[in-house]
Structure formats: C-alpha cells, structure tokens
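Report on the structure given below.
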Amino acid sequence: MREYLLTLCVTAAVTYLLTGPVRKFAIVAGAMPEIRARDVHREPTPRLGGIAMFFGLCAGLLVADHLTNLSEVFQNSNEPRALLSGAALIWLIGVLDDKFEIDALIKLGGQMIAAGVMVMQGLTILWLPIPGVGNVALTQWQGTLLTVALVVITINAVNFVDGLDGLASGMVCIAAAAFFLYAYRIWYSYGIEAAAPATLFSAILMGMCIGFLPHNMHPARIFMGDSGSMLIGLVLSAGAISITGQVDPDALQLFLHSEKAAVHSTVPVYIPLLLPLTIIAVPAADLVLAIVRRTWRGQSPFAADRGHLHHRLLEIGHSHSRAVLIMYFWSALIAFGALGYSVNSASMWIVLGIVFLSAIGLVLLLLPRFTPRAPRWAEHLVPPRYRRRRAAVEPVVVLAEEDRDPRPPVVAGVSGVNGATAVGPRSRLLDGRKAESSR
C-alpha cells in the first residue's frame, strides 16, 4: 500500500506543478477558443490541461517501475506498456483537437486505433464471468471488439460529462477510488497477481485527477480539454479491461469453493464494469440520453448541445458549485454502493443505506423547487433569501388631465440612453424650453 500511495503522490505532484506552466503555454499557443453557445463559463479559458495529466501519468509509471514490489508488474505483464502506448496516441489526438478542433469522426477513429494498439500489446478481454454459467472464454475477434467498444464508450462518457469546472476530474477520481479499493482487495486479499496492473492504473488515475483539480475547480483557471478527458477515460477503461478480462475466476475457487460461487460473488462489480453501469454510471447515462435526444431531433449524435445532466441542474436553479457536488454525490453513491455490495451482498444494512442516501440525493436535486421560508418571528435569524417578501405599497397620485405629460418617461439603464441618464431618469423640460441661466 505504501508504494501505491507513493506512486499516487508523485503523480499528483507532477500534475499539479506542471499545470501552471501548461496554462501559460496554452495562452501563448492560442488554445483559448471563443465562448460557445453551450458553454457555461463567462470568460475564455485556456485548454490543454491534458498535457500536465499525461506527464503525470508518465511520472507515475516511471516511479512504479523503480519500486521493489510494483516493478514486478512491469516484469510479469505488458499491460503498463500497452496503456502508455494507447494513452500517448489518444493524448496526441486530444491536443490537436484542443488547438484545431478536428472532426468528431476523426476523433472516433483515433479512439478505436488507440484501443487497437492496446489490444495488440495484450491489454484485452480474454474471458467473461457470467452469472449462473461460469467462466466463458472469448475468441480473439470477440475479445477485440468488446475491448474496443468498452474503450470508446468510456472515453466518450467521460468526454460528454466534462461540461462544468471540476466535474469530469472529480467524478473520475471518485470512480478510480472505488475501483482501486476493489482491485486492491482482489490483489492483496486473494493474492491474485493479475489484479496488480488494474490497482496500479487506478492509483495513477487518482493522482492525475487530484493534481489537476485545484486548478480546475470553479472558477477554473484551465480546462483539461479533450486531451485530458479522453486520456482519463482511456486509463479508466484500461483498468476495467485488465481486471474484468484478465483475472480468472478459477483462482477464486480456492477461497469460495466453486467457480459459480466465485463468479456470483464478483458480479456486482464485474458485469457493471464491463457494460459499464456503476463506476461510470452517471457519465454513461448522460451519454445514452445525449445520443437518444440528438437522434430524436434528427441531429448527429456528436452534435453538441445544452441538454446534458449538468446543464439540466443549472436550469433547475442549482448554482455551479452545487451542481458539481450533486454529481459527485450520485457518482460516489453508485460506485461505493456497488463496492459495498460486492464485499457483502447478503447485508441488508448496505441496501438500506443506499436507499436512504438515494432519498437524500433526490431531496438535493429538487431543493430549488422547494425553497423553505422561515416564520415571521424567526426572520431576523436566517439569511434574507429565506425571509418572506413583503409587497411594497406605493402611493397612487391622480393627476389632472392638463397636468399629465404626453411624452413617455425615460427608463434608467435602457440601452441607448447616454451616461447622464444611466443612473436616474432624464429631467424633462416642458414645451422644449431651455433652463434659465443662474447668471
């Protein structure tokens, strides 16, 4: 555990220290696009934050390669090299997109090529644990297609949810933390070395997100861009592929007495990671809803709009920070709920806890619809927004017909009014006569 924590800290430190210089480089390079209709920020903000995250990934892998225990991961498996190759390719495509905004189909092709590079180097799904059946081996083509599909789905799910300051990096960090605990349990508790690469990938991914978050929280000083969102999506999918398709449930028979029992005990995390429905449940739901919404309107599935889940939260009335925290809450609830259920699926307390927290989450979602009002005797104890509004009664003055001015009054602050009348209404002179001089 100490070596994993050291790798995490080094990755976070490198990412954090490099993000500042990368921000200056992005400004000089002109990677500050104009504000689009779907954007929620008010000022042009530099992108290319993925550059710092990629170098943090490289630093984490380099440190792990020189540690006593983690160096065995590089000796016994080619998966870290496969991850680095795919990450370098997807990162390069993201950097080009952040600067020149390449076509969506070209990015999709690059994602598939990056997944294919990882498959060629051994990071692929070899078998699937299916409930009630056991371990099902896959052919080479089946494993390749399933691996590429999982990589593309995860990358685009993370990319679609990257719409608010700190949202994507925070949600992926939560998912990586839950995934790290599960993978570490498989590796340490059961002594299965095949789970070590996935544990390492999760620790490095947490370091990348933690190091970038201080620069990306609202108000963000820099965005990760596609170079960052696609990169962390690929790292997350690589860990899921490693532990789902590389760890043989037969190895768990020594502890659970049968293969079917071993598969059943790991279903709450294995199958959701494969689809994926728990670790990245919120981004995956956003991805599916976006595709359905755009195709229903006759648009391309890659056409950007303002219909994502985080946009809906802002429209309901949540502030920027509260919308991000609500998305964090739901991601943590689903990810750690699945983790707890996989550890002890027979515990009723886990189910009751998930139901209770889900009810709290629903209340938080609907909070702007039901703004509480304090009673009148306690209004001086609460902030002004919780006080009852009192209607101001203005006196009505009835003017005679000959005293009424036929010209409409000039409203303060209306566009087209000069600076003298921007604060108050213009003083009018009857019959167009000039004011007499005091001299």
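Some points to look at:
- Flag if SER71 is under 22 Å from THR199 (Cα atoms), of a type in the set (Gly, Ala, Ser) and without any contact (Cβ under 8 Å) to a residue 12 or more places away in the chain: yes
- Listed by position, the helices (runs of 4 or more DSSP H) enclosed by the range 112-228 that each have at least 3 residues that are among the hydroxyl-bearing types (Ser, Thr, Tyr) are 140-161, 167-184.
- Cβ-Cβ under 7 Å pairs, at least 6 apart or on other chains, the range 284-298 side on the phi < 0 side of the Ramachandran plot, far side open to solvent by 40 Å² or more (accessible area, probe 1.4 Å) and part of a loop (DSSP other than H, G, I, E, B): ALA284/LEU277; ILE291/PRO301; ARG294/SER300; ARG294/PRO301; THR295/PRO301
- Flag if ALA198 is within 28 Å of the chain's Cα centre (by Cα) and touching a residue at least 60 places away in the same chain (Cβ under 8 Å): no
- Flag for ALA220 being touching a Leu at 6+ places or on another chain (Cβ under 6 Å), at pLDDT below 90 and farther than 25 Å from GLU3 by Cα: no
The values are calculated or read from the model by the stated rules, or taken from the named source; none is laboratory data. Computed from a prediction, not measured in an experiment: that's the story for all the values here. Virtual Cβ from ideal backbone geometry, glycine too; neighbours counted across all protein chains shown. Protein only, heavy atoms only, side chains kept; ligands, DNA and RNA dropped before computing areas. Shrake-Rupley method; radii C 1.70, N 1.55, O 1.52, S 1.80 Å.
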